[in-house]
Amino acid sequence: MGFLGIYRALYDYTPQGEGELPIIEGDILYVLEKSGEDDWWRAKKKASGDDDDEPVGLIPSNYIEEVRPMLTHQLQHTSEMFQEYQDTREFLTGSTIGTAPIPSSYMKGYYQGIAIA
């Protein structure tokens with residue numbers, strides 16, 4: 001199921017009716033549908049921690065804000081910092097950091113510093 005955008009909850013919301021999704025400030029939400037008739041959007045809440053459940057329901061659109069993707073130059077800066085660290089470590093110890101493949105559990109997507117995948 002595709003989504004239209006990634007959003008963060010600005011406020012807590014307790015459902016008032018059937019089909020509404022409870023949200024807590026800071027929750028990450030995948031918006032699935034935006035209504036053109038009212039301000040209620042259908043969203044899926046990102047699973048947190050050990051909980052694999054990603055409930056879907058309606059949320060008030062004025063309780064959320066879009067999360068902007070991390071800029072490419074920020075990723076480049078991080079890469080350059082790691083390379084500088086690796087070069088310094090190699091110089092000081094005479095050894096390099098291993099080049100073993102990174103496990104997929106360490107590969108995450110980030111938006112504004114928040115892991116989303």
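Sequence-distant or interchain residues sharing an amide H contact under 5 Å with Gly5, placed H: which?
For Gly5, the qualifying residues are Val31.
Relative contact order of segment 1-66, please, whole-number percent, based on alpha carbon pairs below 8 angstrom and at least 6 residues apart.
Relative contact order here is 35 percent.
What are the ³J(HN,Hα) values, in whole Hz, obtained from phi via the Karplus relation 6.51 cos²θ - 1.76 cosθ + 1.60 with θ = phi - 60°, for each residue of segment 27-38 in sequence order, with x given for Gly and Pro?
4, 9, 10, 9, 7, 9, 8, 10, 7, x, 9, 9
So, counting K/R as plus one and D/E as minus one, what does the shell of residues with Cβ under 9 Å around Ile28 add up to? Please report the intermediate quantities before stating the final value.
Details: positive: Arg8, Lys45, Lys46; negative: Asp27.
Around Ile28, the charge tally is +2.
Determine the dipole magnitude for segment 5-66: charges of +1 sit on the beta-carbon of Lys and Arg, -1 on that of Asp and Glu, nothing else is charged, the reference point is the Cα centre, and the result goes in debye to the nearest 20.
Approximately 180 debye in magnitude.
What is the magnitude of the charge dipole of segment 1-40 about its Cα centre, with +1 placed on the Cβ of each Lys and Arg, -1 on the Cβ of each Asp and Glu, and no other charges, expressed in debye to the nearest 20?
Dipole of segment 1-40, to the nearest 20 debye: 240 debye.
Tell me, what is the FRET efficiency for Val56 and Thr14 to the nearest 0.05, using R0 = 22 angstrom and their Cβ-Cβ distance as r? Present the calculation step by step, with values, prior to reporting the outcome.
On the way: r = 17 Å, r/R0 = 0.78.
Computed FRET efficiency for Val56 and Thr14 comes out at 0.80.
Readers should treat all values here as calculations from the given coordinates under stated rules, not as data from a laboratory. None of these values were measured; they are calculated from a predicted model. Ideal geometry is used to build each Cβ from the backbone, glycine not excepted, and the neighbour counts take in all protein chains shown.
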